[in-house]
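What follows is a set of notes on a single structure, which appears directly below.
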Amino acid sequence: MIKTLTAIALTASASLGIGQAAIVNGDFSAGSTGFVTFEDGGTVSISGGTATLSTDAGLGADVLVASISQGDDGSFTFDPGLLVPSNAVSLVFDITQAVADVDALEDGTSFFGDSLQVLLADSEDLLLDVATFIEAGDVGSFTVDISSLQGRTVALFIDLFDEDDGFDTTFSIDNIAFVLDDVVNPIPLPGAFVFALTGFGGLLLRKRG
Ligand SMILES: [Ca+2]
Ligand SMILES: [Ca+2]
C-alpha cells in the first residue's frame, strides 16, 4: 500500500517544466557539422557559432540561392530524416541579423522581397509542412508551433530566396532547437487525497523520529 501511494505521489508531482531536445549542432558551435550546405547565387558562412546566408549581387538562376538543411541531402530523400520527438511542441530559433543592402544589378520589380524560409518538411505529407518566412528587419527569437509533426520524420531546411527587389539581404540564424513538453500524463489528485497523503507522510516521519 505504501509503495502504491508513493508511486502515485511521484507521478502527480512530475515536473511540468519545458526542456529542449537537440537538433544536431543547432547552435552551430561545431561549425557546419550535421548540416548540408547549398549555394547557387547566394553564400553560406558558418562561423563564430552562427550560420549566415547572404544573397549575391544580381540574381541566381533560381530564386532559391542558398540553403542549409538537416535530415535531407537536398533531394528530398529524407535519408536520414530528422525525428520530431513525440512530445515536441515547438521549434525555436534566433534571427540575429536580417539586413538588406542595395543591389544595383537587380531591377527591383518583384512584388516579393528577399526572404529566409525556415521549413520543417514532412517526409510523407506535404500538407503537414510547417514554414515561417523571415524578411529584412525581422530579428529576434521565433517560436513555431510544430505539435502537428509530433513523432513524424521531417527535414529541416533554412532556405534563402533572392527576389528581384533591388536588394541583397543577409540573414544570420542561431540556436535552432525543438522545445519538448516534459509532462508525462500527470494524474490529477483531488485536494482531499493530497491532504491525506501529506498526513500519511507526516505519520511516517513521526514514527521514524
Ligand atoms: Ca541579389
Ligand atoms: Ca534581392
Flag for residue 159 being within 22 Å of residue 84 (Cβ to Cβ), away from ligand 2 (no atom under 16 Å from the Cβ) and not hydrophobic (A, V, I, L, M, F, W, C): no
Exclusive hit being touching a Gly at 6+ places or on another chain (Cβ under 9 Å), surrounded by 14 or more Cβ atoms within 10 Å (Cβ to Cβ), part of a strand (DSSP E or B) and among the aliphatic types (A, V, I, L, M), set 118, 154: 154
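Taking the condition of being of a type outside the set (D, E, K, R) and within 17 Å of residue 53 (Cβ to Cβ), how many residues in region 113-139 meet it? First the steps, then the outcome.
Kept after step one, since they are of a type outside the set (D, E, K, R), are these residues of region 113-139: 113, 115-121, 123, 126-128, 130-134, 136-137, 139.
Filter once more, so that each one left must be within 17 Å of residue 53 (Cβ to Cβ): 113, 115-119, 131-134, 136-137, 139.
So the count comes out to 13.
Given 166, 202, which one is modelled with pLDDT of 95 or more and surrounded by fewer than 20 Cβ atoms within 10 Å (Cβ to Cβ)? Give the derivation first.
Details: 202 fails: modelled with pLDDT of 95 or more.
The unique qualifying residue is 166.
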Restricting region 58-84 to residues that are surrounded by fewer than 17 Cβ atoms within 10 Å (Cβ to Cβ) and touching a residue at least 40 places away in the same chain (Cβ under 8 Å), the residue that is farthest from ligand 1 (Cβ to nearest atom): 83
Odd one out for residue 62, checked against (1) in contact with a Leu (Cβ under 8 Å, 6 or more places away or on another chain); (2) modelled with pLDDT of 95 or more; (3) over 21 Å from residue 46 (Cα atoms): (1)
Subset of region 85-113 (residues that are surrounded by fewer than 14 Cβ atoms within 10 Å (Cβ to Cβ) and either among the basic types (Lys, Arg) or in contact with a Phe, Trp or Tyr (Cβ under 9 Å, 6 or more places away or on another chain) (or both)): 101, 102, 108, 112
Residue list for region 85-111, restricted to those being more than 16 Å from ligand 1 (Cβ to nearest atom) and in a strand (DSSP E or B): 88, 89, 90, 91, 92, 93, 94, 95, 96, 97
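For region 112-132, indicate whether the set of residues that are more than 15 Å from ligand 1 (Cβ to nearest atom), at positive phi and not acidic (Asp, Glu) is non-empty. Please lay out each step first, then the result.
Initial filter on region 112-132 (more than 15 Å from ligand 1 (Cβ to nearest atom)): 117-132.
Applying the additional criterion that residues be at positive phi yields none.
No, because not a single residue in region 112-132 is more than 15 Å from ligand 1 (Cβ to nearest atom), at positive phi and not acidic (Asp, Glu).
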Where a residue in region 100-129 is within 16 Å of ligand 2 (Cβ to nearest atom) and its partner, wherever it lies, is among the hydroxyl-bearing types (Ser, Thr, Tyr), with Cβ under 7 Å and at least six apart: 100/169; 114/55; 114/169
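Suppose the filter is at pLDDT 95 or above and out of contact with any Phe, Trp or Tyr (no Cβ under 7 Å at 6 or more places or on another chain); does residue 116 pass it?
Values: at pLDDT 95 or above: yes; out of contact with any Phe, Trp or Tyr (no Cβ under 7 Å at 6 or more places or on another chain): no.
The answer is no for residue 116.
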Test: residue in region 29-40 that is within 16 Å of ligand 2 (Cβ to nearest atom), among the hydrophobic types (A, V, I, L, M, F, W, C) and within 18 Å of the chain's Cα centre (by Cα): no
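The values are calculated or read from the model by the stated rules, or taken from the named source; none is laboratory data. Keep in mind that this is a model prediction, so the values were computed, not measured. In this analysis, Cβ positions are derived from the backbone assuming ideal geometry, glycine residues included, and neighbour counts consider all displayed protein chains.
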